[in-house]
Amino acid sequence: MTDLQLGLLLIGAVAVAAVLIYNRWQERAARREAARAFASGHTDVLLHERREPTLEPRRPQVAPGAAPAKGVDYVIELRLHGPAAVQEAWAPIKQRFARRVLLAVDQRRVQAALQLVSRAGVVSDAEVIEFRSMVETMAAQLAAAVHAPEMRQALEAARELDRICADTDIQVALHVVGIGFTPADFAGQAFQAQARDDGVTLTLDVARTPEPARGYEAMARAGRSLAQARGGRLVDDAGRELDERALATIGAQLDAVRQRLAGCGIEPGSALALRVFS
């Protein structure tokens with residue numbers, strides 16, 4: 001093989017990997033924009049194709065003991081002067097905002113937080129104003145001192161974080177085709193498997209997966225093994241066959257995604273990542 005032929009093969013592998021990740025990112029980005037437009041009251045959304053609006057996925061329960069996170073949450077701090085019925089005063093706020101809020105109580109220090117960023121985008125200014133007003137009412141009921149950060153700065157920081165999250169909200173899919181309908185059982189794996197008419201599709205939700213590089217490697221091994229055992233092919237969304245070089249290039253790109261998220265204080269698969277990417 002000449003140097004030119006090798007170079008062309010390398011370029012092809014990178015191109016296949018980039019297209020695979022870009023296609024899945026583009027699909028996620030389209031869904032985010034559709035959800036935002038629908039939530040803002042638009043009756044129709046035109047993307048690359050028409051997509052009917054869908055209900056927002058139910059948010060997971062906030063883990064007990066979860067702490068507010070800078071940039072992700074708008075946090076108002078209360079200082080109690082003595083024993084107080086904090087949970088009772090908090091109840092109307094929790095009922096109004098449900099799983100988008102959390103309360104952290106440490107003796108006389110109370111943090112009331114509204115989650116600003118999720119897969120649906122950034123909450124509206126009106127919601128932050130409403131939350132702040134309700135917490136200030138709560139503070140008055142408890143005779144507590146209250147400190148609320150400037151809302152504009154918090155929302156600007158949340159929008160910047162949302163842009164990064166949108167860029168890194170990637171799902172990788174590998175398809176094993178040519179093996180017929182094959183119900184797949186990969187219990188305990190970080191990736192998901194779904195049977196299709198001509199094989200099976202393996203998918204990895206990068207931001208919600210702890211150590212996504214390992215999860216991807218396991219998914220690629222499973223796909224290769226299944227294809228080899230059943231005489232099938234491992235392909236991307238466009239039906240292009242994926243060789244070892246293309247698979248390795250995808251893995252390298254996923255590591256860059258993990259590093260970018262970690263730089264924002266969001267480790268993929270962590271409790272915070274599960275909150276943000278919900």
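Tabulated values for the structure
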read-out: Of the chymotrypsin sites (Phe, Trp or Tyr not before Pro) in region 124-197, those whose Cβ has at most 11 other Cβ within 10 Å and which sit in DSSP loop; value: Phe181
read-out: Accessible area in square angstrom per residue, region 198-239, 1.4 angstrom probe; value: 43 Å²
read-out: Cys165, Cys264, reordered so the largest accessible area comes first (probe 1.4 Å); value: Cys264, Cys165
read-out: Estimated distance in nm for a label pair at Asp237 and Arg152, the labels positioned 7 Å out from Cα along Cα-to-Cβ; value: 3.9 nm
read-out: Heavy atoms of Ile164: accessible area, 1.4 Å probe, square angstrom to 10; value: 20 Å²
read-out: Sites Glu211 and His81, calculated FRET efficiency, Cβ-Cβ separation with R0 41 Å, nearest 0.05; value: 0.35
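The values are calculated or read from the model by the stated rules, or taken from the named source; none is laboratory data. Here the structure is a predicted model, which is why all the values come from computation and not from measurement. Cβ sites come from the backbone with ideal geometry, for glycine too, and all protein chains shown count toward neighbours. Note: accessible area is taken over every heavy atom of the protein model, side chains too, but ligands, DNA and RNA are not part of it. Shrake-Rupley method; radii C 1.70, N 1.55, O 1.52, S 1.80 Å.
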